[in-house]
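Below: one structure, written as structure tokens.
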Amino acid sequence: MIADALVLARLNLLLELRRREVVLGMLQFVVSTLVIVHFALGGDRGGEPRAAAGMLWVAIVLVAVLALNRTFAADTEESALDAILLAPVDRAAIWLGKVLAILAFLLVTEVFVVPLFWLLFLADAEAAVWPILAAIALADIGLASVGVVVAALAQATRTREVLLPVLFLPLAIPLVIAAVTATLAAVDGDASTLRPLGFLALYGTFFAVLAWGVFDHLVSE
Amino acid sequence: MSTRPSAALPTLAAIVLVPLSVALIFWWVPDDADQGFSQRIFYFHVAVALTTYACFAYAAVCAALYLARRDPAWDLRSYVGIHVGTIFGTLVLVTGPIWAKISWGVWWNWSDRQLNVFLILFLFYCAYFMLRFSLEEGERRAAFSSVYVLLGVGLVPLSILAVRIAQTLIHPTVFTSEGTNMPGSFFITFLVALAGMLALAAAMISVELRGKRAALRVRELRRRLAGQDA
């Protein structure tokens, strides 16, 4: 089951990474988003570094939306999902494979973007590094677990690119609230990041279990 | 057909209880010592809000039952629950800011927990309609809609927790673990208002269900008339 999921995750990643413009486009997108939000908050009058926490999480959530929009693209364009469903693979393995692929995708993007973000917006602040990195890692798990379910719902509709963020963003609000709380605490040099980080872990676990349980109903045809 | 609960009972209850609660709110219950006359909107606002949650809970139970049994009737119930819940939710978002403007001086208070949790849930359930109506009718639409409703079961406690972690308490705590924190006449009025709203919601749900079932039946009969019953 885990092995199946890994194979499927690799398949998803290969399909995306083969098209270099997808990865490069993603990076370009995040950097542009950071710049847009920076100026939208009033440029250097925007109250950084606290406003930087907002920029970071707007960018991460939007990247997750983009990545999720791609996650079933190959499956629907070439009906690859039907072929996978014919194989003796656990349905939950399909979900896990997609989640791992999305996670890898988000991490690749973040490895480039977070240091850049740090240099641009947080270099002068005495922010604690580890809580922010932990928040990003935990939030990625939550975004991917719930996002893949939503992407599976949206891909069956006629308006999937529009519907995905409509379905996904309300679900992401609690996660963003906690992630920003953790980031702000870290930026302020406050030690009380444990509760929001604990919440992010809970969010990821909860939706992972729920998704695991219901995914069967989404790909059974 | 006769085994189905009739719409008459909740409708009758709503016809009696809703006007009764209006009468109690405006003529019987005394002014609040702190907020004065304007506090009376509390009986509408909170009763409608709790009814909204009740509708969403009903929809979630029906969605779970649909996924377990695959009977389209449960999907229809779940849909109608969300629909009526959204109507009541809109009322909450209208009455809430009116009360907030009068008692806090602002239309919306971003540092209030319950407003934020309600807003998140309302956005979530509004998206339900977008999903449902962009899918072809049939088993897949029923299953997908039900799965989406079940995601809301996770969203409720998580939103409450997230908002609690981020914010400070402002909402007046009327109900505590030691019981209610209001005088008897207030509590009776509130209970009547709540019962009235719940009855109204139940009546709306059963009437809408009847309408939907009748429409389905008419369509089936039309199909048969046209000789397409494969």
About its Cα centre, the protein assembly as shown carries a charge dipole, from +1 on Lys and Arg Cβ atoms and -1 on Asp and Glu Cβ atoms, whose size in debye to the nearest 20 is 1420 debye
Around A:Val65 (Cβ within 14 Å, Cβ-to-Cβ, excluding A:Val65; K/R +1, D/E -1) the net charge comes to 0
Mean separation of Cα pairs under 8 Å and 6+ residues apart, divided by the residue count of the stretch B:33-229: what relative contact order is that in percent? 28 percent
Quick one: grab the alpha carbon gyration tensor of chain A, order the square roots of its eigenvalues as a ≥ b ≥ c, and give me rounded if a/c is under 1.5, else prolate or oblate depending on whether a/b is larger than b/c. prolate
I'd like the orientation of helix A:194-214 relative to chain A: the angle between its Cα long axis and the longest Cα principal axis, in ° from 0 to 90, rounded to 10. 10 degrees
Amide H to amide H under 5 Å from A:Ala128: which residues, 5+ apart in sequence or cross-chain, H placed 1.01 Å off N in plane? A:Val187, A:Gly189
Three-way shape call for the stretch B:33-229 based on the alpha-carbon gyration tensor, with the a/c threshold at 1.5: prolate
Cα gyration tensor category, rounded, prolate or oblate, for the stretch B:1-144 with a/c compared to 1.5: oblate
Isotropically averaged projected area of the protein assembly as shown, using the convex hull of Cα atoms (one quarter of hull area), nm²: 26.3 nm²
Measure nothing but the geometry: give the 0 to 90° angle between the long axis through the Cα atoms of B:139-166 and the longest principal axis through the Cα atoms of chain B, rounded to 10°. 20 degrees
Could you work out how far helix A:91-117 tilts from the main Cα principal axis of chain A, as a 0 to 90 degree angle to the nearest 10? 30 degrees
What number comes out for the charge environment of A:Ala154, summing +1 per Lys or Arg and -1 per Asp or Glu over other residues with Cβ under 9 Å away? 0
Residue exposure sequence - B:Ser145, B:Ser103, B:Ser206 - by fewest surrounding Cβ within 10 Å: B:Ser103, B:Ser206, B:Ser145
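Readers should treat all values here as calculations from the given coordinates under stated rules, not as data from a laboratory. All of these numbers come straight from a predicted model, not from anything done at the bench. Counting neighbours? That spans all protein chains shown, and the Cβs are built from the backbone with ideal geometry, glycine included.
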